[in-house]
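What follows is one structure encoded as C-alpha coordinates, with my remarks underneath.
The values are calculated or read from the model by the stated rules, or taken from the named source; none is laboratory data. In this text the structure is predicted, and so the values were computed from the model without any measurement. Every residue, glycine among them, receives a Cβ derived from its backbone with ideal geometry; neighbour counts consider all protein chains shown. Just so you know, the surface numbers come from the protein's heavy atoms only, side chains and all, with ligands and any DNA or RNA stripped out. Shrake-Rupley method; radii C 1.70, N 1.55, O 1.52, S 1.80 Å.
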Amino acid sequence: MQEPPRECLPVREISPGDCAFDEGERLEFSVRYVWGILDSEVGKASATVAEAEGGSGVPLYHCIAEGRTSRFFDMFFKVRERFESWFRQSDMRPLASSRDTYEGGYEARNNYRWIRPGEQIEADVYTTRLGDTSMVLPGTECTFDLVSLFYFARNLDFSNYEENVKYPISFAIDDGIYNLYFIILGRETIRIRGVGKFRTIKFAARMVAGEVFNGDTDMYIWVTDDKNKVPVYFESPIKVGSVSGRITGFSGLKHPLDSKID
(Lines give C-alpha, C1' and ligand atoms only; values in the text may rest on other atoms or scores of the structure.)
Protein backbone atom coordinates (compact mmCIF):
# COMPACT_ATOMS: atom_id res chain seq x y z
CA MET A 1 0.00 0.00 0.00
CA GLN A 2 1.29 3.43 -0.95
CA GLU A 3 1.01 6.51 1.25
CA PRO A 4 -1.06 9.52 0.12
CA PRO A 5 0.94 12.33 -1.49
CA ARG A 6 2.07 15.19 0.72
CA GLU A 7 0.83 17.74 -1.80
CA CYS A 8 -2.14 17.58 -4.10
CA LEU A 9 -4.35 19.62 -6.36
CA PRO A 10 -6.46 22.15 -4.46
CA VAL A 11 -10.11 21.22 -4.00
CA ARG A 12 -12.11 24.32 -4.83
CA GLU A 13 -15.72 25.35 -4.51
CA ILE A 14 -17.57 25.14 -7.83
CA SER A 15 -20.63 27.29 -8.46
CA PRO A 16 -23.59 25.52 -10.11
CA GLY A 17 -23.26 27.64 -13.23
CA ASP A 18 -19.58 26.83 -13.67
CA CYS A 19 -19.81 23.05 -13.24
CA ALA A 20 -18.81 21.17 -16.41
CA PHE A 21 -21.80 18.78 -16.31
CA ASP A 22 -25.25 18.34 -14.85
CA GLU A 23 -27.94 15.78 -14.15
CA GLY A 24 -28.95 13.88 -17.28
CA GLU A 25 -25.58 13.86 -19.00
CA ARG A 26 -24.69 10.57 -20.67
CA LEU A 27 -21.43 9.76 -22.46
CA GLU A 28 -20.88 6.61 -24.54
CA PHE A 29 -17.57 5.18 -25.72
CA SER A 30 -16.21 2.40 -27.89
CA VAL A 31 -13.10 0.62 -26.59
CA ARG A 32 -10.43 -0.70 -28.97
CA TYR A 33 -7.69 -3.26 -28.28
CA VAL A 34 -4.46 -3.68 -30.25
CA TRP A 35 -1.98 -6.55 -29.86
CA GLY A 36 0.13 -7.76 -32.76
CA ILE A 37 -2.15 -8.34 -35.74
CA LEU A 38 -5.25 -8.00 -33.57
CA ASP A 39 -6.80 -4.55 -33.91
CA SER A 40 -10.47 -4.45 -33.05
CA GLU A 41 -13.16 -2.66 -31.10
CA VAL A 42 -13.81 -5.03 -28.23
CA GLY A 43 -16.33 -3.36 -25.96
CA LYS A 44 -18.45 -0.42 -24.88
CA ALA A 45 -18.43 1.95 -21.90
CA SER A 46 -20.74 4.65 -20.59
CA ALA A 47 -20.87 7.33 -17.89
CA THR A 48 -24.07 8.87 -16.55
CA VAL A 49 -24.90 11.70 -14.13
CA ALA A 50 -27.87 11.87 -11.75
CA GLU A 51 -28.61 13.98 -8.69
CA ALA A 52 -29.02 12.70 -5.14
CA GLU A 53 -29.24 14.08 -1.62
CA GLY A 54 -26.90 13.43 1.29
CA GLY A 55 -27.32 13.95 5.00
CA SER A 56 -28.77 17.32 6.04
CA GLY A 57 -29.95 17.83 2.46
CA VAL A 58 -26.47 18.24 0.96
CA PRO A 59 -26.80 18.18 -2.88
CA LEU A 60 -24.89 15.27 -4.39
CA TYR A 61 -24.18 13.81 -7.79
CA HIS A 62 -24.66 10.07 -8.22
CA CYS A 63 -22.55 8.98 -11.17
CA ILE A 64 -22.19 5.54 -12.71
CA ALA A 65 -19.47 4.33 -15.07
CA GLU A 66 -19.89 0.93 -16.74
CA GLY A 67 -17.91 -1.08 -19.27
CA ARG A 68 -18.13 -4.49 -20.87
CA THR A 69 -16.57 -6.52 -23.63
CA SER A 70 -18.70 -7.65 -26.54
CA ARG A 71 -20.11 -11.18 -26.56
CA PHE A 72 -17.46 -12.36 -29.06
CA PHE A 73 -14.51 -11.09 -27.00
CA ASP A 74 -16.02 -12.50 -23.82
CA MET A 75 -14.63 -15.84 -25.04
CA PHE A 76 -11.07 -14.50 -24.79
CA PHE A 77 -11.09 -11.98 -21.92
CA LYS A 78 -14.44 -11.18 -20.40
CA VAL A 79 -14.73 -7.77 -18.71
CA ARG A 80 -17.62 -6.38 -16.71
CA GLU A 81 -17.10 -3.12 -14.80
CA ARG A 82 -19.49 -1.02 -12.74
CA PHE A 83 -18.33 1.92 -10.66
CA GLU A 84 -20.66 4.18 -8.68
CA SER A 85 -19.88 7.34 -6.74
CA TRP A 86 -21.83 9.78 -4.61
CA PHE A 87 -20.02 13.11 -4.29
CA ARG A 88 -20.81 16.69 -3.29
CA GLN A 89 -21.91 19.02 -6.04
CA SER A 90 -20.05 21.92 -4.44
CA ASP A 91 -16.51 20.50 -4.69
CA MET A 92 -16.72 16.94 -6.12
CA ARG A 93 -15.46 15.40 -2.86
CA PRO A 94 -16.82 11.85 -2.47
CA LEU A 95 -19.00 10.58 0.36
CA ALA A 96 -19.37 6.97 -0.79
CA SER A 97 -18.46 4.77 -3.74
CA SER A 98 -18.63 1.20 -4.96
CA ARG A 99 -16.87 -1.01 -7.49
CA ASP A 100 -17.95 -4.34 -9.00
CA THR A 101 -15.36 -5.73 -11.39
CA TYR A 102 -14.76 -8.92 -13.35
CA GLU A 103 -11.68 -8.97 -15.57
CA GLY A 104 -10.79 -12.29 -17.15
CA GLY A 105 -11.34 -14.29 -13.95
CA TYR A 106 -10.17 -11.58 -11.56
CA GLU A 107 -12.93 -10.18 -9.33
CA ALA A 108 -13.02 -7.10 -7.13
CA ARG A 109 -15.75 -5.45 -5.09
CA ASN A 110 -15.23 -2.23 -3.12
CA ASN A 111 -17.58 -0.31 -0.85
CA TYR A 112 -16.16 2.91 0.56
CA ARG A 113 -17.49 5.50 3.03
CA TRP A 114 -15.54 8.75 3.58
CA ILE A 115 -15.18 9.92 7.19
CA ARG A 116 -14.85 13.67 7.72
CA PRO A 117 -13.15 15.39 9.41
CA GLY A 118 -10.05 13.23 9.17
CA GLU A 119 -10.33 12.12 5.53
CA GLN A 120 -10.27 8.42 6.40
CA ILE A 121 -12.11 5.87 4.27
CA GLU A 122 -14.00 2.93 5.75
CA ALA A 123 -13.53 0.16 3.20
CA ASP A 124 -15.19 -3.22 2.73
CA VAL A 125 -13.18 -4.97 0.05
CA TYR A 126 -13.24 -8.29 -1.76
CA THR A 127 -10.69 -9.29 -4.39
CA THR A 128 -9.65 -12.62 -5.80
CA ARG A 129 -6.24 -12.02 -4.20
CA LEU A 130 -7.38 -10.79 -0.77
CA GLY A 131 -10.72 -12.44 -0.16
CA ASP A 132 -13.09 -10.45 2.09
CA THR A 133 -11.56 -7.81 4.31
CA SER A 134 -12.50 -4.55 6.05
CA MET A 135 -10.09 -1.72 6.80
CA VAL A 136 -9.70 2.01 7.25
CA LEU A 137 -7.65 3.71 4.53
CA PRO A 138 -5.77 6.99 5.20
CA GLY A 139 -6.84 9.66 2.73
CA THR A 140 -6.22 13.37 2.18
CA GLU A 141 -8.45 16.22 1.08
CA CYS A 142 -7.78 15.22 -2.53
CA THR A 143 -8.23 11.44 -2.28
CA PHE A 144 -11.03 10.38 -4.60
CA ASP A 145 -12.55 7.22 -5.99
CA LEU A 146 -12.07 6.77 -9.73
CA VAL A 147 -15.48 8.12 -10.75
CA SER A 148 -15.41 11.25 -8.58
CA LEU A 149 -11.81 11.83 -9.77
CA PHE A 150 -13.02 11.67 -13.39
CA TYR A 151 -15.64 14.36 -12.76
CA PHE A 152 -13.37 16.43 -10.51
CA ALA A 153 -10.77 16.55 -13.29
CA ARG A 154 -13.36 17.88 -15.72
CA ASN A 155 -13.82 20.88 -13.42
CA LEU A 156 -10.17 21.85 -13.24
CA ASP A 157 -9.44 25.35 -14.51
CA PHE A 158 -6.66 24.39 -16.90
CA SER A 159 -5.69 28.04 -17.34
CA ASN A 160 -4.28 27.91 -13.78
CA TYR A 161 -1.86 25.07 -14.60
CA GLU A 162 1.36 25.10 -16.58
CA GLU A 163 2.09 22.75 -19.44
CA ASN A 164 4.56 19.88 -18.91
CA VAL A 165 4.41 20.13 -15.11
CA LYS A 166 3.42 17.16 -12.94
CA TYR A 167 0.41 17.79 -10.69
CA PRO A 168 -0.26 15.11 -8.05
CA ILE A 169 -3.53 13.67 -6.80
CA SER A 170 -4.54 10.39 -5.13
CA PHE A 171 -7.33 7.86 -5.33
CA ALA A 172 -8.51 4.76 -3.52
CA ILE A 173 -9.07 1.37 -5.09
CA ASP A 174 -9.22 -2.08 -3.49
CA ASP A 175 -7.02 -2.04 -0.35
CA GLY A 176 -4.81 0.95 -1.15
CA ILE A 177 -4.40 4.66 -1.71
CA TYR A 178 -2.45 5.38 -4.88
CA ASN A 179 -0.64 8.45 -6.10
CA LEU A 180 -1.42 9.75 -9.56
CA TYR A 181 -0.22 12.73 -11.50
CA PHE A 182 -1.37 14.51 -14.60
CA ILE A 183 0.53 16.68 -17.07
CA ILE A 184 -1.11 19.16 -19.44
CA LEU A 185 0.50 18.69 -22.84
CA GLY A 186 -1.24 21.45 -24.76
CA ARG A 187 -4.03 21.99 -27.27
CA GLU A 188 -4.65 19.77 -30.27
CA THR A 189 -7.32 19.41 -32.95
CA ILE A 190 -8.37 15.80 -33.53
CA ARG A 191 -11.02 13.98 -35.56
CA ILE A 192 -13.11 11.30 -33.86
CA ARG A 193 -14.42 8.72 -36.30
CA GLY A 194 -18.16 8.91 -36.70
CA VAL A 195 -18.50 12.01 -34.51
CA GLY A 196 -16.46 14.89 -35.97
CA LYS A 197 -13.51 17.18 -35.43
CA PHE A 198 -12.82 18.83 -32.06
CA ARG A 199 -10.50 21.37 -30.50
CA THR A 200 -9.13 19.57 -27.45
CA ILE A 201 -6.80 19.84 -24.47
CA LYS A 202 -4.42 16.89 -24.27
CA PHE A 203 -3.00 15.62 -21.00
CA ALA A 204 -1.22 12.56 -19.66
CA ALA A 205 -2.09 10.59 -16.52
CA ARG A 206 -0.01 7.91 -14.84
CA MET A 207 -2.13 4.83 -14.12
CA VAL A 208 -1.85 2.50 -11.13
CA ALA A 209 -0.30 -0.93 -11.63
CA GLY A 210 -2.78 -3.78 -11.40
CA GLU A 211 -4.35 -6.65 -13.27
CA VAL A 212 -4.44 -4.67 -16.55
CA PHE A 213 -2.21 -1.56 -16.32
CA ASN A 214 1.51 -2.01 -15.69
CA GLY A 215 1.97 1.29 -13.84
CA ASP A 216 5.11 2.52 -15.62
CA THR A 217 3.56 4.28 -18.63
CA ASP A 218 1.09 7.10 -19.13
CA MET A 219 -2.47 7.21 -20.36
CA TYR A 220 -3.15 10.04 -22.82
CA ILE A 221 -6.52 11.78 -22.72
CA TRP A 222 -8.08 14.41 -24.98
CA VAL A 223 -10.96 16.54 -23.60
CA THR A 224 -13.03 19.14 -25.43
CA ASP A 225 -11.63 22.65 -25.19
CA ASP A 226 -14.89 24.17 -23.95
CA LYS A 227 -16.84 24.37 -20.69
CA ASN A 228 -17.97 20.72 -20.91
CA LYS A 229 -14.44 19.23 -20.98
CA VAL A 230 -15.85 16.00 -22.38
CA PRO A 231 -13.25 13.24 -22.87
CA VAL A 232 -13.43 12.32 -26.54
CA TYR A 233 -10.42 10.00 -26.87
CA PHE A 234 -7.89 8.14 -24.72
CA GLU A 235 -5.10 5.66 -25.34
CA SER A 236 -2.82 3.67 -23.05
CA PRO A 237 -0.39 0.76 -23.16
CA ILE A 238 -1.46 -2.14 -20.95
CA LYS A 239 0.38 -5.28 -19.82
CA VAL A 240 -0.33 -6.99 -23.14
CA GLY A 241 -0.92 -4.65 -26.09
CA SER A 242 -2.66 -1.30 -25.87
CA VAL A 243 -6.18 0.01 -25.40
CA SER A 244 -7.91 3.12 -26.66
CA GLY A 245 -11.39 4.60 -26.46
CA ARG A 246 -13.34 7.10 -28.54
CA ILE A 247 -16.58 8.83 -27.78
CA THR A 248 -19.48 7.55 -29.84
CA GLY A 249 -22.39 9.44 -28.36
CA PHE A 250 -23.33 12.13 -25.85
CA SER A 251 -26.53 13.68 -24.59
CA GLY A 252 -27.59 16.08 -21.86
CA LEU A 253 -24.46 18.25 -22.08
CA LYS A 254 -24.72 21.29 -19.83
CA HIS A 255 -22.91 23.78 -22.08
CA PRO A 256 -22.74 24.39 -25.83
CA LEU A 257 -20.22 22.10 -27.53
CA ASP A 258 -18.20 25.05 -28.80
CA SER A 259 -15.11 22.92 -29.43
CA LYS A 260 -16.77 20.90 -32.22
CA ILE A 261 -15.56 22.16 -35.59
CA ASP A 262 -17.66 19.96 -37.88
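Values as computed for the structure displayed
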{"quantity": "Residue ranges of strands (runs of 3 or more DSSP E) in region 152-207 with at least 2 members among the hydrophobic types (A, V, I, L, M, F, W, C) and farther than 25 Å from L60 by Cα", "calculated": "176-192, 196-206"}
{"quantity": "Selection from region 240-262 of residues that are surrounded by 12 or more Cβ atoms within 10 Å (Cβ to Cβ) and either at positive phi or not in a loop (DSSP other than H, G, I, E, B) (or both)", "calculated": "G241, S242, V243, S244, G245, R246, I247, T248, G249, F250, G252, K260"}
{"quantity": "Selection status of E119, in contact with an Asp or Glu (Cβ under 8 Å, 6 or more places away or on another chain), open to solvent by 10 Å² or more (accessible area, probe 1.4 Å) and within 28 Å of I14 (Cα to Cα)", "calculated": "yes"}
{"quantity": "Unique residue being more than 20 Å from the chain's Cα centre (by Cα), at pLDDT below 90 and open to solvent by 10 Å² or more (accessible area, probe 1.4 Å) when the list is R129, R187, R191", "calculated": "R129"}
{"quantity": "Scope region 105-116; condition within 21 Å of the chain's Cα centre (by Cα) and open to solvent by less than 60 Å² (accessible area, probe 1.4 Å); matching residues", "calculated": "Y106, A108, N110, Y112, W114"}
{"quantity": "Of residues in region 46-95 being polar (S, T, N, Q) and in contact with a strand residue (DSSP E or B) (Cβ under 9 Å, 6 or more places away or on another chain), the one least open to solvent (accessible area, probe 1.4 Å)", "calculated": "S85"}
{"quantity": "Single residue of region 24-45 satisfying the filter (open to solvent by less than 40 Å² (accessible area, probe 1.4 Å) and among the β-branched types (V, I, T)) that is farthest from F152 (Cα to Cα)", "calculated": "V42"}
